[in-house]
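Working notes, beginning with the structure itself.
The values are calculated or read from the model by the stated rules, or taken from the named source; none is laboratory data. Computed from a prediction, not measured in an experiment: that's the story for all the values here. Glycine gets a Cβ as well: all are built from the backbone with ideal geometry, and neighbour counts include every protein chain shown. The area values use the complete protein model at the heavy-atom level, side chains included, leaving out ligands, DNA and RNA. Shrake-Rupley method; radii C 1.70, N 1.55, O 1.52, S 1.80 Å.
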Amino acid sequence: MSEFSIGWIGPGIMGRPMALNLLRTGYPVKAFARRPEQLEPLVEAGATTAGSPAEVSAATDLTIVMVADTPDMLEVVTGENGVDKGARPGHIVVDMSTVSPTETRAVAQQLEAKGIAMLDAPVSGGETGAIDGTLSIMVGGPEEIFERVRLVFEVLGGQVRRIGDAGAGQVAKACNQLLVAQTMAAVAEAYLLAESSGVSREQVRDALLGGFAYSRILEVHGQRMLTGDYQPGFKAELHLKDLRIVDREARETGLSLSGAKDALHLMEQLVEQGDGGLDSTALAKMVRQRSLKKG
């Protein structure tokens, strides 16, 4: 175990099992949630609680943030009772949310001016990866701070990699979400082509899993599409948020990414029709609707 006492902000679907893994490993954890009932499993596991993000950072060496969106991150890190109001110089903030790279860089600069270090460290692997401690963690920020926090990351993830400076982790996560969405759409289209040609989707999938077309998306989400199991592991409304981050980052860097825009529009349509609470794999429903209309 490293030298850190840890603050945790955001014990949601992903954050709760991650914090529990730290507690099981022996780290002292002080937690805050805007809905206090979310803290009960952590308290039962030995965590203490705080009344605000500022109280969390005042009592710890390292504060980990795992919230839903950029405005939430800004509120808990630099808001009225944010982490920066309680943190002492030398404190480290690790934002494991998926948020805007641009806002991440701005917050990192604000914190640096106060003597507070920041790492952006979004994750991939879903609820299962959070529970099992096998997440892929993509980190941006100073290398020396990353090395100090590495042991904490290794409790939470199976693959931990520093990508670059502030915001680089968020850019990597945006690339991840872009690839996942487009690959899901490609799998859905492949199934439609097989089906419309009178060929078994199941047999096609089994064949493709053994060749160059293999991917975890085909293996895991492809099976979901076959069974129509869209119970949320990662909600469509959250994937839509992530694809909007992709779109903003592309536009800010002068790019026009047609595949990403197509995936964004499909996810927007899925959420607009009231399916935002389904797993993002339900994107296949929109691929089917669009393809059959064109046919």
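Among residues that are open to solvent by 10 Å² or more (accessible area, probe 1.4 Å) and either within 24 Å of Thr134 (Cα to Cα) or touching a Gly at 6+ places or on another chain (Cβ under 7 Å) (or both), Gly26 is included. Looking across the stretch 76-117 at every residue that is charged (D, E, K, R) and within 23 Å of the chain's Cα centre (by Cα), the one that is farthest from Asp61 (Cα to Cα) is identified as Glu103. Within the stretch 203-221, residues that are of a type in the set (Lys, Arg) reach partners that are part of a helix (DSSP H, G or I) and open to solvent by less than 50 Å² (accessible area, probe 1.4 Å) with beta carbons closer than 8 Å, at six or more positions or on different chains, in the pairs Arg205/Tyr191; Arg205/Leu218; Arg205/Gly222; Arg205/Leu226. Among the residues of the stretch 54-69, count how many are open to solvent by 50 Å² or more (accessible area, probe 1.4 Å), assigned to a loop (DSSP other than H, G, I, E, B) and of a type in the set (Asp, Glu). Residues that pass the stated criteria total 1. Residue pairs whose Cβ atoms lie under 6 Å apart, separated by 6 or more positions or on different chains, with the first residue in the stretch 110-136 and of a type in the set (Asp, Glu) and the second assigned to a helix (DSSP H, G or I), are Asp120/Thr104; Asp120/Gly169; Asp120/Gln170. May I ask you to list the residues in the stretch 266-280 that are of a type in the set (S, T, N, Q) and closer than 11 Å to His239 by Cα? Of everything in the stretch 266-280, just one residue is of a type in the set (S, T, N, Q) and closer than 11 Å to His239 by Cα, namely Ser280. The residues of the stretch 248-264 that are surrounded by fewer than 19 Cβ atoms within 10 Å (Cβ to Cβ), over 22 Å from Gly222 (Cβ atoms) and not aliphatic (A, V, I, L, M), listed by number, are Arg248, Arg251, Glu252, Thr253, Gly254, Ser256, Ser258, Lys261.
If the condition is being under 22 Å from Val246 (Cα atoms), in contact with a strand residue (DSSP E or B) (Cβ under 9 Å, 6 or more places away or on another chain), open to solvent by 10 Å² or more (accessible area, probe 1.4 Å) and not polar (S, T, N, Q), then the stretch 72-117 contributes Asp72, Arg105, Ala108. Scan the stretch 118-154 for residues that are over 15 Å from the mean Cα position of the chain (by Cα) and open to solvent by less than 30 Å² (accessible area, probe 1.4 Å) and the total you get is 6. All of Leu39, Leu62 fail the test of being out of contact with any helix residue (DSSP H, G or I) (no Cβ under 8 Å at 6 or more places or on another chain) and either modelled with pLDDT of 95 or more or on the phi < 0 side of the Ramachandran plot (or both), apart from Leu39. Considering the stretch 203-244, the residues that are in contact with an Asp or Glu (Cβ under 7 Å, 6 or more places away or on another chain) and assigned to a loop (DSSP other than H, G, I, E, B) include one that is most open to solvent (accessible area, probe 1.4 Å), namely Gln231.
Can you confirm whether the stretch 184-197 contains a residue that is crowded, with 21+ Cβ neighbours inside 10 Å, on the phi > 0 side of the Ramachandran plot and at pLDDT 95 or above? No. Candidates in the stretch 3-23 are the residues that are more than 22 Å from the chain's Cα centre (by Cα) and not polar (S, T, N, Q); of these, the one that is farthest from Pro232 (Cα to Cα) is Glu3. Across the stretch 252-289, the qualifying residues are those that are more than 21 Å from the chain's Cα centre (by Cα) and basic (Lys, Arg), and the one among them that is farthest from Cys175 (Cα to Cα) is Arg288.
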